[in-house]
1. Which of PRO113, PRO172, PRO199 moves most in a GNM of the chain, Cα contacts under 10 Å?
2. Starting with the fewest neighbours, write out CYS217, CYS102 ranked by other beta-carbon atoms found within 10 Å of each beta-carbon.
3. Taking 0.36 nm per residue of separation and subtracting the Cα-Cα distance, what length does fully extending ALA95 through SER187 add?
4. Sort PHE70, PHE76 so that the residue with the fewest other Cβ atoms within 10 Å of its own Cβ comes first and the one with the most comes last.
5. Which of the three applies to segment 1-77, rounded, prolate or oblate, going by the alpha-carbon gyration tensor with a ≥ b ≥ c and a/c under 1.5 meaning rounded?
6. Hey, what's the per residue convex hull volume over the C-alpha atoms of segment 75-180, in cubic angstrom?
7. Treat each spin label as a single point 7 Å out from the Cα along the C-beta direction, and report the ASP105 to LEU213 distance in nm.
8. Of all DSSP beta bridges in the chain, what percent run antiparallel (nearest 5)?
Amino acid sequence: LDYRENFIEISAYPRLENPVQKSVEFFELMSSRRSVRRFSPEPVEREVLLNAIRAAGTAPNGANRQPWFFALIESFEIRERIRRDAEKVETLFYAERASKQCLADLKPLGTGPDKHYLSVAPALIAVFTRHGQGIDVDTGKTYYPLESTGIAVGLLITALHTVGLASLTHTPRPMNFLNDILNLDRSYRPFVLVVTGFPASPIVVPDISRKPLNKICRVY
Ligand SMILES: Cc1cc2nc3c(=O)[nH]c(=O)nc-3n(C[C@H](O)[C@H](O)[C@H](O)COP(=O)(O)O)c2cc1C
């Protein structure tokens, strides 16, 4: 491999004057993110959402297969259909499918089968992951599709938060109804449904806490 032919030089990674301050500022920005379940119907500029998706598409990923697909759904009619189908599976989930343990774990979040936000929020971003061997010309065989798509969703949520948009990572199970509604074949595996828009005010969220650093990190 001749690095002069296959590699390019980039100019990135400037040395910061005060990296600690910058890291604190970024941490504080990210700490202020919460999953929001009540949205304002106020529309959001499409370009802002597309740029957030562009940012998600910069994620590191297995063998650069970029095994993700983002369906940006603004149509009220489609959001209504998604709400209807999500409420159907979630009603079954809360009534029959969820274990006692799971219901107990969800209790502090106050979630239930009512998914009004799916039709109230101005945009849904249905994220799909592409699994498998030689799926299509663009994607080919994928490597670590779940890990890669998870990182991309992290960037997506970060990008939305950075521009002041609230989000909710929603995972109605099973999510195959998204393939039918969006006319995507089964090689597109629903990963998460990101609900986004401005939060309804007042912004009320469950009173839950985050683990301190010493519970999530050990320095060796
Ligand atoms: C993969 C994933 C799936 C989730 N699924 C749901 C969901 O189906 N419904 C919901 O209300 N919240 C869902 N959440 C949101 C979590 O409940 C929330 O992130 C968690 O309670 C922490 O709260 P925070 O996001 O406000 O920090 C999900 C989050 C993740 C990352």
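1. Looking only at PRO113, PRO172, PRO199, the biggest GNM fluctuation is shown by PRO113.
2. On the way: CYS217 8, CYS102 12.
Starting with the residue having the fewest Cβ neighbours, the order is CYS217, CYS102.
3. On the way: separation 92, 0.36 × 92 = 33.12 nm, distance 3.01 nm.
Stretched out fully, the ALA95 to SER187 stretch lengthens by 30.1 nm.
4. Working: PHE70 22, PHE76 11.
The most exposed by this proxy come first: PHE76, PHE70.
5. oblate
6. Cα convex hull per residue, to the nearest whole number: 150 Å³.
7. 2.8
8. On the way: 21 of 22 bridges.
The answer is about 95 percent antiparallel.
Read the figures in this text as sums done on the coordinates, not as results from a lab. For clarity, every value in this text was computed on a predicted model and none was experimentally measured. Cβ atoms come from the backbone with ideal geometry, glycine included; neighbour counts cover every protein chain shown.
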